[in-house]
Amino acid sequence: MVKTNKAAVISGGTRGLGREIAFSLHYGGYRVAVSYLNSEEPAQELGTRFGDSAMLFKTDVGNCCEVLEMAARVQQQWGVVDVLVNNAGITGDALCIRQTEDEWDAIMRTNLKGVFNMIKAFAPLMQTGGHIVNISSYSGIRGKAGQSAYSGSKAALFGLTKSAAIELAQYNIKVNAVMPGYMPTEMGTQAAKSLTQAREDSLLHTLSDPAEVARFISFLIGSETITGQIFCLDSRII
């Protein structure tokens with residue numbers, strides 16, 4: 001492990017892709033602050049594995065006050081933040097005409113407002129510049145029946161990413177979005193038919209690898225000139 005004094009914050013960082021990103025950055029020498037909501041046991045495991053180089057927060061990213069409290073504690077402990085990865089997200093599939101307002105609001109609250117809250121809270125801690133990576137989705141470009149809310153939230157991240165990149169460039173803060181393909185994570189395997197279809201649609205007949213996505217993000221945050229971009233890490237045609 002190459003030790004650094006850099007600090008990274010990852011929302012939804014205890015399971016699936018978020019966990020892979022947390023491990024990738026930890027083994028790259030970063031101190032890692034991870035938020036989670038319901039994953040108590042995976043959070044405890046990360047705390048045991050990472051030791052003093054990690055901070056764990058049970059935080060609802062859709063709640064501005066909780067996010068600001070998390071940021072205050074990170075600032076008190078580490079002073080500055082170099083990387084923010086907005087990975088927290090939820091699904092709630094339903095046809096648009098059947099989806100309830102509460103279901104729609106819950107998805108937008110986590111997937112879109114949560115990213116806004118995290119950027120607003122942690123960008124000011126990037127005092128000498130930094131990197132923000134927003135995890136979007138292939139569904140945000142192509143859409144999908146039964147995923148109007150999810151697809152809409154992930155599509156909105158593209159606009160948020162580009163606007164934030166423009167606004168934060170003067171502070172040397174780079175902002176990019178990454179679209180992983182379908183991954184065999186807990187969230188992905190809950191939709192077995194979609195997983196099978198994604199494999200069939202893939203030019204390589206494969207699913208995306210969370211570890212590969214994490215490696216790409218590690219590369220991206222090491223760059224100094226890439227910002228305002230959307231990266232598709234998939235082998236399906238957009």
- Note on the structure: Taking segment 192-238 and keeping residues assigned to a loop (DSSP other than H, G, I, E, B), at pLDDT below 95 and loosely packed, with under 14 Cβ neighbours inside 10 Å leaves Leu203, Leu204, His205, Thr206, Ile237, Ile238
- Number of the exception - Glu20 against (1) in contact with a strand residue (DSSP E or B) (Cβ under 9 Å, 6 or more places away or on another chain); (2) in a helix (DSSP H, G or I); (3) more than 21 Å from Leu125 (Cβ to Cβ): (1)
- Message: As an exercise: evaluate Val9 against (1) of a type outside the set (D, E, K, R); (2) in a loop (DSSP other than H, G, I, E, B); (3) in contact (Cβ under 8 Å) with a residue 60 or more places away in the chain and give the number of the one condition it does not meet.
- Response: (2)
- Message: Condition (residue is of a type in the set (D, E, K, R) and assigned to a loop (DSSP other than H, G, I, E, B)) applied to segment 108-128: is it met by at least one residue?
- Response: no
- Message: Given the options Asn111, Asn134, Asn117, name the one that is closer than 16 Å to Val213 by Cβ and in contact with a helix residue (DSSP H, G or I) (Cβ under 7 Å, 6 or more places away or on another chain).
- Response: Asn134
- Task: Would you check which residues across segment 99-141 are under 27 Å from Trp78 (Cβ atoms), more than 13 Å from the chain's Cα centre (by Cα) and hydrophobic (A, V, I, L, M, F, W, C) and list them?
- Result: Ala121, Phe122, Ala123, Leu125, Met126
- Note on the structure: Every listed condition ((1) in contact with a Gly (Cβ under 7 Å, 6 or more places away or on another chain); (2) farther than 19 Å from Leu168 by Cβ; (3) not β-branched (Val, Ile, Thr)) holds for Leu46 save (1)
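Can you tell me which residues in segment 135-148 are surrounded by fewer than 24 Cβ atoms within 10 Å (Cβ to Cβ) and of a type outside the set (Lys, Arg)?
Those that are surrounded by fewer than 24 Cβ atoms within 10 Å (Cβ to Cβ) and of a type outside the set (Lys, Arg): Tyr138, Ser139, Gly140, Ile141, Gly143, Ala145, Gly146, Ser148.
Residues checked against (1) touching a Ser or Thr at 6+ places or on another chain (Cβ under 9 Å); (2) surrounded by fewer than 19 Cβ atoms within 10 Å (Cβ to Cβ); (3) in a loop (DSSP other than H, G, I, E, B); (4) β-branched (Val, Ile, Thr):
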position: Gly29; (1), (2), (3), (4): yes, yes, yes, no
position: Thr48; (1), (2), (3), (4): no, yes, no, yes
position: Met55; (1), (2), (3), (4): no, no, no, no
position: Val81; (1), (2), (3), (4): no, no, yes, yes
position: Asp105; (1), (2), (3), (4): no, yes, no, no
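Give Ala106, Ala121, Ala164, Ala155 a once-over and let me know the one that is at pLDDT 95 or above, of a type in the set (Gly, Ala, Ser), touching a strand residue (DSSP E or B) at 6+ places or on another chain (Cβ under 6 Å) and under 24 Å from Asp60 (Cβ atoms).
On inspection, the qualifying residue turns out to be Ala164.
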- Task: Being of a type outside the set (Gly, Ala, Ser) and at pLDDT below 95 is the filter here, so list the residues in segment 84-99 that pass it.
- Result: Ile90, Thr91, Asp93, Leu95, Cys96, Ile97, Arg98, Gln99
- Item | Extreme residue, nearest to Ser223 (Cα to Cα), among residues of segment 83-103 that are of a type in the set (A, V, I, L, M) and part of a strand (DSSP E or B) | Val83
- List the pairs whose first member sits in segment 213-226 and is closer than 18 Å to Tyr138 by Cβ, whose second member is polar (S, T, N, Q), and whose Cβ atoms are under 6 Å apart, counting only residues at least 6 apart or on separate chains? Ala214/Ser24
- Long-range neighbours under 8 Å by Cβ, at least six apart or interchain, first residue assigned to a helix (DSSP H, G or I) within segment 129-142, second surrounded by fewer than 22 Cβ atoms within 10 Å (Cβ to Cβ) and among the aliphatic types (A, V, I, L, M): Gly140/Ala155; Gly140/Ala156; Ile141/Ala155; Ile141/Ile238; Arg142/Ile238
- Can you run down the residue pairs with Cβ atoms below 6 Å, 6 or more apart or on separate chains, where the first is in segment 168-180 and at pLDDT 95 or above and the partner is in a strand (DSSP E or B) and of a type in the set (Phe, Trp, Tyr)? Val178/Phe231
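The values are calculated or read from the model by the stated rules, or taken from the named source; none is laboratory data. All values reported here derive from a predicted model rather than from experimental measurement. We place every Cβ from the backbone using ideal geometry, glycine too, and count neighbours over all the protein chains shown.
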